[in-house]
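Some notes on the structure that comes next.
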Amino acid sequence: MTRDPASPEFWDRLFNKDITPWDAEASPPELEAWLDTHPEPGRVLIPGCGSAWEALSFDRRGWDVTALDFSPLAIDKAKDFLADNGFRGRLICDDFFAHTSEPYTLIYERAFLASFPRHLRTPWGTRIPKLLQDGGLLMGCFLINDADDPEKTLPPFALKTDELTRLLGSDFIQTCTKATTTSVKVFKGREWWQEWAYLLK
Ligand SMILES: C[S@@+](CC[C@H](N)C(=O)[O-])C[C@H]1O[C@@H](n2cnc3c(N)ncnc32)[C@H](O)[C@@H]1O
């Protein structure tokens, strides 16, 4: 049994045993509010989508959705739920770090960045601008906790307060940050809704 959270087998094992304490079983209210006030749909990528509740929220507002996860069992779970609800987008079993595409308008984050080992954060920060169009948005729920043990080997791996500024670089401007209102128990008090605009100079 792998204990490496950078491998799909690690996540398959958890999905197989129904050990998914991160799963909110709904889209966060912050996303629903954002979608209600931003009626212009675009192309959204949801990396590490897990059960993919948010994929349906975007789809119902007319967005062109690509939801992606490298765990085949996560994809199976999401597939059933999305098919039952008339989802029209793409659900792909793929590694985020190998994913290529036309640029997206928006990349949605929840519990993905905190799921893989810290050494993959710099590659994540390099991939994000490659996948976003100029004027695009990185947005969602980010796990932030300055007191997180840097030696821990199992997720969630919280970010430090200023880490996203460093990872994303000067082409990103934070346009919103606020504590989330409905975090699951394992993230409570450490989850922040943030929006980062990608503006090439
Ligand atoms: C903690 S779960 C979060 C799932 C979902 N975003 C949610 O909020 O319920 C992390 C997910 O990221 C997926 N994942 C981790 N590393 C990945 C990678 N490199 N490429 C694609 N998916 C990945 C895992 O398979 C898992 O489903």
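Please enumerate the residues belonging to the stretch 11-50 that are within 9 Å of the ligand (Cβ to nearest atom) and open to solvent by less than 10 Å² (accessible area, probe 1.4 Å).
I46, P47, G50
Which pairs have Cβ atoms under 6 Å, sit 6 or more apart or on different chains, and link a residue in the stretch 48-68 that is touching a residue at least 60 places away in the same chain (Cβ under 8 Å) and basic (K, R) to one that is open to solvent by 10 Å² or more (accessible area, probe 1.4 Å) and within 16 Å of the ligand (Cβ to nearest atom)?
Between residues of the stretch 48-68 that are touching a residue at least 60 places away in the same chain (Cβ under 8 Å) and basic (K, R) and residues that are open to solvent by 10 Å² or more (accessible area, probe 1.4 Å) and within 16 Å of the ligand (Cβ to nearest atom), there is no close pair.
For the stretch 75-121, give me each residue that is away from the ligand (no atom under 12 Å from the Cβ) and polar (S, T, N, Q).
N85, T100, S101, T105, listed by residue number.
Does the stretch 1-10 hold any residues that are near the ligand (Cβ under 9 Å from one of its atoms) and hydrophobic (A, V, I, L, M, F, W, C), and which are they?
Residues of the stretch 1-10 that are near the ligand (Cβ under 9 Å from one of its atoms), as a first pass: 5-8, 10.
Residues satisfying the conditions are A6, F10.
Of the residues L56, L45, L35, which single one is at pLDDT 95 or above, more than 11 Å from the chain's Cα centre (by Cα) and under 21 Å from P103 (Cβ atoms)? Walk me through how you get there before you give the answer.
Details: L56 fails: under 21 Å from P103 (Cβ atoms); L45 fails: more than 11 Å from the chain's Cα centre (by Cα).
One residue alone meets the criteria, L35.
Any chance you could count how many residues in the stretch 122-165 are away from the ligand (no atom under 15 Å from the Cβ) and among the aliphatic types (A, V, I, L, M)?
The total comes to 5.
If you go through the stretch 82-116 one residue at a time, how many are among the polar types (S, T, N, Q) and touching a residue at least 40 places away in the same chain (Cβ under 8 Å)? Reasoning before the result, please.
As a first pass, look at the stretch 82-116 and keep what is among the polar types (S, T, N, Q): 85, 100-101, 105, 115.
Checking which are touching a residue at least 40 places away in the same chain (Cβ under 8 Å) leaves us with 101, 105, 115.
Residues in the stretch 82-116 being among the polar types (S, T, N, Q) and touching a residue at least 40 places away in the same chain (Cβ under 8 Å): 3 in total.
Would you check if E109 is over 26 Å from D12 (Cβ atoms) and modelled with pLDDT of 95 or more?
So E109 fails the test.
Do we find that S57 is outside any strand (DSSP E or B) and within 11 Å of the ligand (Cβ to nearest atom) in this structure?
No; evaluated as a whole, the condition is false for this residue.
May I ask you to list the residues in the stretch 187-201 that are out of contact with any Asp or Glu (no Cβ under 6 Å at 6 or more places or on another chain) and exposed (fewer than 14 other Cβ atoms within 10 Å of the Cβ)?
Those that are out of contact with any Asp or Glu (no Cβ under 6 Å at 6 or more places or on another chain) and exposed (fewer than 14 other Cβ atoms within 10 Å of the Cβ): K188, G189, L199, K201.
The values are calculated or read from the model by the stated rules, or taken from the named source; none is laboratory data. No experiment lies behind these values; they were computed from the predicted model shown. Reconstructed Cβ throughout: ideal geometry from the backbone, glycine too, with neighbour counts over all protein chains shown. Ligands, DNA and RNA are stripped out before the accessible areas are found, and what is left, the full protein with its side chains, is counted by its heavy atoms. Shrake-Rupley method; radii C 1.70, N 1.55, O 1.52, S 1.80 Å.
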